[in-house]
Amino acid sequence: MSDQTLELATFANGCFWCTEAVFQRLEGVIEVKSGFTGGKIKNPPYREVVMGRTGHAEAIQLTYDPAVVDYKTLLYVFFSTHDPTTLNRQGYDVGEQYRSEIFYHDANQKSLAESVISELESDQIFQDEIVTKLSEASMFYTAEEEHQNFYNNFTENRYCQLVIEPKLATLRKKFSHQLKS
């Protein structure tokens, strides 16, 4: 594998601690960074983002090897591990910063995202309509170091157990064949 074969994916689907933990476990995902994107403020601090003052979403940006895991699989994981039918909300996290949004890096990613959304809606996978936004990827700001690798560093934390662990259980159930050994 050379760096030339690696690609980026950027997703917002609630708290980035949860999303990071899910995607870190997929075979072919090389790196996952928690951060912020989609807003207007340069270098936003975490405190300002969670207060809803920046327009940014908590998001992850991952580097992956498309020869091992394709973008469509990443999209299925994305939709399976959060509720894409709630506007600006994931569980107890409420606000624009917790929106469901796919930040596509090229026309192919946009087309695949549109296709997967259409498929999920026509198959009526969710009871309500999918409200996930599709936006062209913009500047991604990496969050402060204490937000990186959160679940792995604080597995016994109550939040990790109550909120992140159920997402990981879904991942293990639906994508066991895609997990790192």
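Every number in this text was worked out from the coordinates using simple rules, so none of it is lab data. Remember, it's a predicted structure, so these values are computed and weren't measured experimentally. Using ideal geometry, Cβ is built from the backbone for each residue, glycine included, and neighbour counts are taken over all protein chains shown.
Starting from the Cα of Glu144, step 7 Å along the direction of its Cβ; do the same at Lys180; then give the gap between the two resulting points in nm.
2.6 nm
Most fluctuating residue of Val49, Val94, Val32 in a GNM of the chain with Cα springs under 10 Å: which is it?
Answer for the Gaussian network model of the chain: Val94.
Whole Å is fine, so just give me how far the alpha carbon centre of segment 135-181 lies from that of segment 1-72.
10 Å
Which of the pairs Lys40/Lys173; Lys42/Lys133; Lys42/Lys72 have their Cα atoms more than 32 Å apart in this structure? Before the final figure, lay out the partial values.
Details: Lys40/Lys173 38 Å; Lys42/Lys133 21 Å; Lys42/Lys72 30 Å.
Over 32 Å Cα-Cα: Lys40/Lys173.
With Cβ to Cβ distances under 14 Å as the rule, what net charge do the other residues near Glu144 carry (K, R +1; D, E -1)? If you can, show how the numbers build up before the last one.
Values: positive: Lys33, Arg47; negative: Glu20, Glu48, Glu58, Glu145, Glu146.
The answer is -3.
Straight-line reach from Lys167: which aspartates and glutamates have Cα under 13 Å away, leaving out those fewer than 8 places along the same chain?
Glu20, Asp83
Just to be sure I understand: with springs between alpha-carbon atoms less than 10 Å apart, which residue in Ile30, Ile60, Ile164 has the highest mean-square fluctuation in the Gaussian network model of the chain?
Ile30
Any chance you could run the full-extension gain for Met51 through Asp93? It's 0.36 nm times the residue separation minus the Cα-Cα distance, nm to one decimal.
Stretched fully, the Met51-Asp93 segment lengthens by 14.0 nm.
Could you pull out which residues in segment 37-62 have an amide N less than 19 Å from a spot 7 Å beyond the Cα of Tyr159, following the Cα-Cβ vector?
37, 44-61
What is the sum of charges, Lys and Arg at +1 and Asp and Glu at -1, for the other residues whose Cβ falls under 10 Å from the Cβ of Thr37?
Numbers: positive: none; negative: Glu58, Glu101.
Net local charge, Thr37 excluded: -2.
Quick one: the Cα spread of the chain along its three principal axes, in angstroms, biggest first?
36, 35, 34
Measure off 7 Å from each Cα along the Cα-to-Cβ vector at Glu31 and Leu6, then give the distance between these two points in nanometres to one decimal.
It is 0.5 nm.
Sequence gap at least 6, Cα distance under 8 Å: using those rules, report the relative contact order of the chain to the nearest whole percent.
31 percent
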